[in-house]
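Scroll down for the structure; my scribbles are underneath it.
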Amino acid sequence: MRTFLKVLGIIGIVLLVLVVVAATWFAWTVRRSWPQTSGTIDVPGLSASVEVVRDSRGVPDIYADTPADLFFAQGYVHAQDRFWEMDFRRHITSGRLSEMFGKSQVDTDAFIRTLGWRRVAEQEYGMLSERSRATLQSYADGVNAYLKDHAGATLSLEYVILGLNNSSYTVEPWDPVDSVAWLKALAWDLHGNEDDEVDRVLTSSVVGIDRTEQLYPPYPYDTHQPIVTSGAVVDGAFDPGATATQTDTAALRIPADAIPVLQRVSEATSLLDDVLGPRGEGIGSNSWVISGDLTDTGKPLLANDPHLAPMMPSLWYQAGLHCRNVSADCPFEVSGWTMAVMPGVFIGHNQDIAWGFTNLGPDVSDLVLEKVEGDTYLVDGEQRPMTTREEVIKVAGGDPVTITVRETEHGPLVSDVAEAGDDYVVVGQEAPVPAPGETPPDEVPDRGDGYAVALRWTALTPETTFDAFDAISTATGWDDFRKAAALAAVPSQNLVYADVDGNIGYQAPGKIPIRRGYDGKWPVPGWSSQYDWDGYIPFEALPYAYNPDEGWIVTANQAAVYPDYAYFLTDDWSYGARSQRIVDRVVAATSDGRKMTSQEMSAIQFDAWNEIAAFLTDDLVALAAGTSAEDAAALFEGWDHQQQVDSAPGAYFNAFWRSLMTRMFDSTLSRAGVESNRGDRFFQVVMDLWDEPNDPWWQDGTDPANTDRDATVRAALESAAQELRDAQGDDPTGWRWGVMHTLELENQSLGKSGIGPIEWLFNRGPVEVGGGGSIVQATGWSPPDGYAVDWVPSMRQVVDLADLDRSTWVNLTGASGHAFNPNYNDQNEAWRTGEHFPWPFTRSAVDAAAQERLTLQPPQQ
């Protein structure tokens, strides 16, 4: 027995030693890539020393004597904290993910190569100002200075994991075009409505044009005001007292044989969702600015929270960029939100102005149906030759794949990316596209060799958008700001503005096409030149506002102007649920002589009021009477329609809403290959249908016995109540929205590997959150997919122009991109609960908050 116990003891000691050794090796491997953030580092390429001062959350403020050293240091610091993210992003935009991850990414690379993002970025780089090119080169030099001394495990833990499957992968030097190309990814996330174009066609092929149009109702201008409340364009200038008219749209028939091609396009355009996050309705951002006349400080307050797909780490990287002596030669004194891939600050403030972005969402793309014969396409009765090129996609662990990219004068053929298969079915015989007047069906060309679809998109034409970010960050007033905004071609954003002198403003910039007699809501026939674009809206004609009488400006992706505006921007706005709620909160907070505070601004950002719940719940209580859902519907009595984490009525209402969407739309739309997704468009659809209880859309697709509104709504109420009883217990008062509505923070590359231990390394969560889709606290979810969060406020800021050091901010995750680093996810809990952190700006405030100081200096001789 003693011998047995002795052997057990030895085995125990050996196992303990192995555990200690393994833990030590793991900790050493994880920490190898953590950067040096204090002391001194000799860095070749600098002309003088640079200070990097970090606070307790690892947020750096960088101080330099010249722009070259400042942006060199920004590149170095970005590489310190986020290089894997940077490397991954440049492989996305160049269509080279297969070089990292193998054949699983060939389709994604083929789509990007077809669009030619990198090719366009190379052209743009040569068009930029000398100052912008110098900035980009300095940034690249700083990144490469860090790469010179770091590789593999010392660069980021992800490279250790990548090496297990791709041991031959090597990191290339950073190129300035790598930075410019990222603008294409941003533009893709925020561009036009081609998904809606396809969905309209596919839906109409099943239910017809009239019923399809019911799913795209007009914007509710009577209840949800636009950003700019009046005006049109007269003689090339925006006149807030003028009115104008807008072109109507007719329809022509699209060949039934083309329907499968459009289905392929829908699949192709979704290829980037896994690496860039989902796009679609209900997705947007909030920003608003309040005049000093309405604030407790007498100076403006500006709030912004852009809504994007959640990712680990966050898209944003907080930083301050400071010239030690601000002058014409070194004009940068700016702090805010950067992206680890590009130099500069994108959203934030300098010493004079503050600014924020939301997506304007103009229709800047068209899907163009092409009649093809071989490598030619039909235009006005003649076959024109396509432009073709070959792209070779290198594949880790496999043979290269060569694709042929074909382009017409309208754009690349995105339908070439996905091959036709037996699973594609012609789902109807009639589907409309816009046309100026009636075009007989027999004028549609015969199938012949078939049809293809080109993407005509403003971002595929080289522009100088990068120049805008430098110009905005150094603007000193409204005139400078507008001149800078004029350079922002793609993506087109709502820009809100405030300055230390007390002014507020709004500007809609961007390269927005003028269409000839059609509105871009349906695919157009490329075989007729009458559907070509007729130039672009002049910047001087784009909507703006400066010190409006209301004393505030609210943008949340709602309509920018009333429909009498002279030009067509889009009809696919967000329908104003978020924007009007913000307007109502601002009006309430500033009524009767009250003054808005910074704390009230951040409280509005966390508002979780549900517009469609407020519209429906009284009727739902009545309809639930006498059913198995009566006790659950009692939750709605006295509910304030706020759906925070602990909300029982919020849990039940969203379960009901999901069931209702499934019953009303999913079975019908799924036959067309269309998803009843999200967003306040469906809020408006249901509101418009509510007083039409026998409309065909009330037919229950899951139970044919329910043919009208009341029957289908009761069925949804009952099934939702049973769902929650099964999941959370029989007592409705104990149900919680947060149990259902959770956020998983996933690494956008390895975090989706499907391998549990790898995902554990890099992902965080799930965490319970409140809010919801088309709610100011915009934690979006998609009814077909469940309640999990797929869209979030990616950051929040409130800028106080009375004292910039009193401004506040919070990131979704943290500054560091290194797993297990203390700053990897240290801001998420504050983000989740609606808290903000202090945002130091002046040198004294930065020094007071300093936790670590790093000096980067030229090598000492």
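The values are calculated or read from the model by the stated rules, or taken from the named source; none is laboratory data. All of these numbers come straight from a predicted model, not from anything done at the bench. Counting neighbours? That spans all protein chains shown, and the Cβs are built from the backbone with ideal geometry, glycine included. Remember, those area values only see protein heavy atoms, side chains included, never the ligands or the DNA or RNA. Shrake-Rupley method; radii C 1.70, N 1.55, O 1.52, S 1.80 Å.
Yes or no: segment 731-745 includes at least one residue that is under 17 Å from the mean Cα position of the chain (by Cα), under 18 Å from Gly277 (Cβ atoms) and surrounded by 21 or more Cβ atoms within 10 Å (Cβ to Cβ).
Among the residues of segment 731-745, at least one is under 17 Å from the mean Cα position of the chain (by Cα), under 18 Å from Gly277 (Cβ atoms) and surrounded by 21 or more Cβ atoms within 10 Å (Cβ to Cβ), which makes the answer yes.
If the requirement is being surrounded by fewer than 24 Cβ atoms within 10 Å (Cβ to Cβ) and within 27 Å of Ser473 (Cα to Cα), which of these qualifies: Ser104, Ser129?
Answer to the check: Ser129.
Of the numbered conditions (1) in contact with a strand residue (DSSP E or B) (Cβ under 7 Å, 6 or more places away or on another chain); (2) open to solvent by 20 Å² or more (accessible area, probe 1.4 Å), Asp571 fails exactly one; give the number of that condition.
(1)
Given segment 777-858, what strands (runs of 3 or more DSSP E) lie entirely inside it while holding 3 or more residues that are within 24 Å of Ala64 (Cα to Cα)?
Correct list: 852-857.
Looking at (1) out of contact with any Pro (no Cβ under 9 Å at 6 or more places or on another chain); (2) at pLDDT 95 or above; (3) among the hydroxyl-bearing types (Ser, Thr, Tyr), which is the one condition that is false for Ser528?
It fails just one condition, (2).
Out of (1) closer than 13 Å to Phe71 by Cα; (2) assigned to a loop (DSSP other than H, G, I, E, B), what's the single condition that is false for Ala145?
Tallying (1) closer than 13 Å to Phe71 by Cα; (2) assigned to a loop (DSSP other than H, G, I, E, B), Ala145 fails exactly one: (2).
Taking Val372 as the residue in question, decide whether it is more than 30 Å from the chain's Cα centre (by Cα) and at pLDDT below 95. Working first, answer last.
On the way: more than 30 Å from the chain's Cα centre (by Cα): yes; at pLDDT below 95: yes.
Criteria met by Val372.
Among the residues of segment 754-776 satisfying the criterion of being among the small types (Gly, Ala, Ser) and outside any helix (DSSP H, G or I), which is nearest to Arg681 (Cα to Cα)? Can you show your working first?
Here is the first cut: in segment 754-776, the ones among the small types (Gly, Ala, Ser) are 754, 756, 765, 770-774.
After this cut, where a residue has to be outside any helix (DSSP H, G or I) as well, the list is 754, 765, 770-774.
Details: Gly754: 34, Gly765: 30, Gly770: 21, Gly771: 18, Gly772: 14, Gly773: 11, Ser774: 9 Å.
Among residues in segment 754-776 that are among the small types (Gly, Ala, Ser) and outside any helix (DSSP H, G or I), the one nearest to Arg681 (Cα to Cα) is Ser774.
Are any residues in segment 8-65 aliphatic (A, V, I, L, M), open to solvent by less than 30 Å² (accessible area, probe 1.4 Å) and modelled with pLDDT under 95, and if so, which ones?
Val30
Of all residues in segment 746-787, which are β-branched (Val, Ile, Thr) and open to solvent by 20 Å² or more (accessible area, probe 1.4 Å)?
Correct list: Ile755, Ile758, Val767.
Are any of the residues in segment 300-320 at pLDDT below 95, more than 30 Å from Gln137 (Cβ to Cβ) and of a type in the set (Asp, Glu)?
Looking for residues that are at pLDDT below 95, more than 30 Å from Gln137 (Cβ to Cβ) and of a type in the set (Asp, Glu), one finds none in segment 300-320, hence no.
Looking at Ala484, Ala468, which is the one that is at pLDDT 95 or above, open to solvent by less than 30 Å² (accessible area, probe 1.4 Å) and within 21 Å of the chain's Cα centre (by Cα)?
Numbers: Ala484 fails: within 21 Å of the chain's Cα centre (by Cα).
The conditions single out Ala468.
Please specify each residue of segment 536-551 satisfying the condition of being under 24 Å from Ala489 (Cα atoms) and either over 27 Å from the mean Cα position of the chain (by Cα) or open to solvent by 70 Å² or more (accessible area, probe 1.4 Å) (or both).
Correct list: Tyr536, Glu540, Tyr546.
What is the one condition in (1) modelled with pLDDT under 95; (2) within 21 Å of Pro783 (Cα to Cα); (3) open to solvent by 20 Å² or more (accessible area, probe 1.4 Å) that Glu718 does not satisfy?
For Glu718, the failing item is (1).
Name the residues in segment 737-753 that are outside any loop (DSSP other than H, G, I, E, B) and in contact (Cβ under 8 Å) with a residue 60 or more places away in the chain, would you?
Matches in segment 737-753: Trp737, Gly738, Val739, Met740, Leu743, Glu744, Leu745, Leu750, Gly751, Lys752.
What number of residues within segment 673-708 are of a type in the set (Asp, Glu) and farther than 25 Å from Val198 by Cβ? Break it down stepwise before answering.
Here is the first cut: in segment 673-708, the ones of a type in the set (Asp, Glu) are 675, 680, 688, 691-692, 695, 700, 703, 708.
Subset that is farther than 25 Å from Val198 by Cβ: 691-692, 700, 703, 708.
Selection size over segment 673-708: 5.
Does Ser327 satisfy being on the phi < 0 side of the Ramachandran plot and in contact with a His (Cβ under 8 Å, 6 or more places away or on another chain)?
So Ser327 fails the test.
Only one of these conditions is not met by Tyr497: (1) among the hydroxyl-bearing types (Ser, Thr, Tyr); (2) assigned to a strand (DSSP E or B); (3) over 27 Å from Val776 (Cβ atoms). Which number is it?
Tyr497 satisfies every listed condition except (3).
Out of (1) open to solvent by 30 Å² or more (accessible area, probe 1.4 Å); (2) under 14 Å from Glu718 (Cα atoms); (3) in contact (Cβ under 8 Å) with a residue 12 or more places away in the chain, what's the single condition that is false for Ala625?
For Ala625, the exception is condition (3).
Looking at segment 645-690, what helices (runs of 4 or more DSSP H) fall wholly within it and have at least 1 residues that are open to solvent by 10 Å² or more (accessible area, probe 1.4 Å), closer than 29 Å to Phe606 by Cβ and in contact (Cβ under 8 Å) with a residue 40 or more places away in the chain?
Correct list: 648-661, 680-689.
Residues in segment 833-847: is at least one over 23 Å from His349 (Cβ atoms), surrounded by fewer than 23 Cβ atoms within 10 Å (Cβ to Cβ) and out of contact with any strand residue (DSSP E or B) (no Cβ under 6 Å at 6 or more places or on another chain)?
yes
Mind counting the residues in segment 464-493 that are out of contact with any Lys or Arg (no Cβ under 8 Å at 6 or more places or on another chain), closer than 14 Å to Lys511 by Cβ and part of a loop (DSSP other than H, G, I, E, B)?
5
Consider Ala622 against the criteria (1) within 35 Å of the chain's Cα centre (by Cα); (2) not in a loop (DSSP other than H, G, I, E, B): it satisfies all of them except one. Which criterion is unmet?
If we test Ala622 against (1) within 35 Å of the chain's Cα centre (by Cα); (2) not in a loop (DSSP other than H, G, I, E, B), just (1) comes out false.
Quick check on my filter: what residues within segment 475-509 are farther than 30 Å from Ile209 by Cβ and among the small types (Gly, Ala, Ser)?
Step one: filter segment 475-509 for residues farther than 30 Å from Ile209 by Cβ, giving 475-491, 493-509.
Within segment 475-509, Ala475, Gly477, Ala484, Ala485, Ala486, Ala488, Ala489, Ala498, Gly502, Gly505, Ala508 meet the criteria.
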